[in-house]
Amino acid sequence: MQNFEYPMFTPNEKAKLYKRFTGDITIDIRKNETITVQGNRYVYIGKFRWIAATDKTENEYQPIDGLLTPNGYVTIKTNTLKKFENGDIIVLDNELWTIDGDIRIDFVYTPKKVQTYQYLQLRKVI
């Protein structure tokens, strides 16, 4: 198990990671009838260094005629050992982004397996 994070040089301010924790509460309505209420909470986990792996793409789309909705995508790479999942929120330069897509982890074998970078596909939160 790797526990040493290699240094990474970046001009960017450290990003903040917030993980989603769900608390499912079951409520009995009648005999043999229950509903589940889900409470989503985001908890601050820590900061990590990052650099952009692709250019930031920002545009607008219209889900309904006349309703312009801003939209943005970027892929970043980081050397942190933190575990990421889809739905986690990341704050980059005071903008909210959510992990939405594949999380790719690169390794190097020297002779042990050592993690080098994680690539995160992010979508802008409006």
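The values are calculated or read from the model by the stated rules, or taken from the named source; none is laboratory data. Please read all numbers here as calculations on a predicted model, not as lab measurements. Heads up, the Cβs are rebuilt from the backbone with ideal geometry, glycines too, and the neighbour counts pull from every protein chain shown. Only protein heavy atoms, including side chains, enter the accessible area calculation; ligands, DNA and RNA are left aside. Shrake-Rupley method; radii C 1.70, N 1.55, O 1.52, S 1.80 Å.
From the list Asp100, Asp88, Asp24, the one residue that fits, being acidic (Asp, Glu) and more than 12 Å from the chain's Cα centre (by Cα), is Asp24. Quick one: in the range 5-26, which of the residues that are open to solvent by less than 70 Å² (accessible area, probe 1.4 Å) and assigned to a loop (DSSP other than H, G, I, E, B) is nearest to Asn94 (Cα to Cα)? Among those residues, the one meeting the criterion is Asn12. Apart from one condition, Thr34 fits all of (1) polar (S, T, N, Q); (2) within 24 Å of Gly87 (Cα to Cα); (3) modelled with pLDDT of 80 or more; the exception is (2).
Which ones in the range 1-37 are charged (D, E, K, R), touching a residue at least 40 places away in the same chain (Cβ under 8 Å) and farther than 16 Å from Ile76 by Cα? Scanning the range 1-37 gives Glu5, Lys19, Arg20. Within the range 38-72, the residues that satisfy the criterion of being over 16 Å from Asp100 (Cβ atoms), touching a strand residue (DSSP E or B) at 6+ places or on another chain (Cβ under 8 Å) and free of Cβ contacts under 8 Å to residues at least 12 places away in the same chain are Glu60, Gln62, Pro63, Leu68. Answer yes or no: is there a residue in the range 39-51 that is in contact with an Asp or Glu (Cβ under 6 Å, 6 or more places away or on another chain) and farther than 30 Å from Lys113 by Cα. Scanning the range 39-51, I find no residue that is in contact with an Asp or Glu (Cβ under 6 Å, 6 or more places away or on another chain) and farther than 30 Å from Lys113 by Cα, so the answer is no.
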